[in-house]
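Read through the structure below, which is laid out as structure tokens, and then see the notes.
The values are calculated or read from the model by the stated rules, or taken from the named source; none is laboratory data. Model, not experiment: these values are computed from the prediction. We place every Cβ from the backbone using ideal geometry, glycine too, and count neighbours over all the protein chains shown.
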């Protein structure tokens, strides 16, 4: 008997577009190899449209020009202080732009491209 399998490339679970999301997890990853060397990372998990979890890594830096600083400022509406408990982001609702990126093996992944605060009127500006 022959058992033949064909490898299928990953297909995205969520279409590209703008969605409401909730931050459901914040995790620290130490010494991650990146294209720019080994870095400490913060991985934020967004639950998109109440169903699909999508993770987005950020450099572990609260420098005013860092993407993590920009995320905190956008989601909370305030500049983060010098010390900020990232767990405070868990449960925050925001609007995210989901884009697809294909890796070298042909797998297609969902990525969080932009994050915006949801205002009281429900508008996000994405």
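So that you can scan it fast, the table gives a plain yes or no per residue for (1) assigned to a loop (DSSP other than H, G, I, E, B); (2) surrounded by 16 or more Cβ atoms within 10 Å (Cβ to Cβ):
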residue: 29; (1), (2): no, no
residue: 33; (1), (2): no, no
residue: 44; (1), (2): no, yes
residue: 57; (1), (2): no, yes
residue: 83; (1), (2): yes, no
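Residues 55, 47, 65, 6: which one is free of Cβ contacts under 8 Å to residues at least 60 places away in the same chain and over 23 Å from residue 108 (Cα atoms)? Give the steps one after another, and end with the answer.
Details: 55 fails: over 23 Å from residue 108 (Cα atoms); 47 fails: over 23 Å from residue 108 (Cα atoms); 6 fails: over 23 Å from residue 108 (Cα atoms).
When all the criteria are applied, what remains is 65.
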Residue check: is residue 50 modelled with pLDDT of 95 or more, on the phi > 0 side of the Ramachandran plot and either exposed (fewer than 15 other Cβ atoms within 10 Å of the Cβ) or part of a strand (DSSP E or B) (or both)?
no
